[in-house]
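Working notes, structure below.
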Amino acid sequence: MHGVAFDCVSKAECSFVLLNNNGYVQVFREAGSERTVWYELQQWPHVLRGAAANRVQLAGNAEAVEVRVNNELLLRVPARTGGMVGVAARASAASQQVTFTLQGYVQAPNPRPAGRIIPELSWCRGNSPARSTQTQRTPGTEKRGC
């Protein structure tokens, strides 16, 4: 499974959106040994199967973080002060490969005191990193995936 980690306030406290190549998504938050499951493995929103590229988008401000999968709103949760974002992957079989691509980011006009940048992430699954393309996002430009 692969996806994004968000609203991470420490290594032990983080939220995750994970997808697999069978078309399932899972969303949960871990805080120490406790796990709060928002969505157990399910097939909505529409997760692309096989080697198709899926797109996970995070958008946030001081109040909330929105998570979209392939442009469909999956979840809106309250933002946590100082929350960080990143990529996440876990595997139960050998020789699995996931290519993550940072599509770009936008910093809010009035960021929190420490500043907060919310990246937009997508990934490509396949045998070759060459399947992945990276696009610099600037205002008014079209976004491209893998």
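Read-outs: derived from the displayed coordinates by stated rules, not from any lab. Being a predicted model, the structure only gives us computed values, none of them experimental. Cβ sites come from the backbone with ideal geometry, for glycine too, and all protein chains shown count toward neighbours.
Observations on the model:
- In region 1-65, the trypsin sites (Lys or Arg not before Pro) that fall in loop regions by DSSP, at most 16 other Cβ within 10 Å: 11, 49
- Taking amide H atoms as placed 1.01 Å from N in the peptide plane, the amide H of residue 79 lies under 5 Å from those of 64, 65, each 5 or more residues away in sequence or on another chain.
- Using Cβ point charges alone (K and R +1, D and E -1), the dipole size of region 1-81 about the Cα centre works out to roughly 180 debye.
- Length gained on full extension, residue 59 to residue 34, computed as 0.36 nm times the residue gap minus the Cα-Cα distance: 6.5 nm.
- DSSP-loop GluC sites (Glu not before Pro) across region 1-105, with at most 11 other Cβ within 10 angstrom: 63
- Amide H contacts under 5 Å for residue 13: 32, restricted to partners 5 or more places along the chain or on a different chain, H placed in the peptide plane at 1.01 Å from N.
- The calculated FRET efficiency for residue 46 paired with residue 87, based on their beta-carbon distance and R0 = 25 Å, is about 0.75.
- Amide H within-cut-off set for residue 38, under 5 Å, with H built and near neighbours excluded: 27, 28, 29
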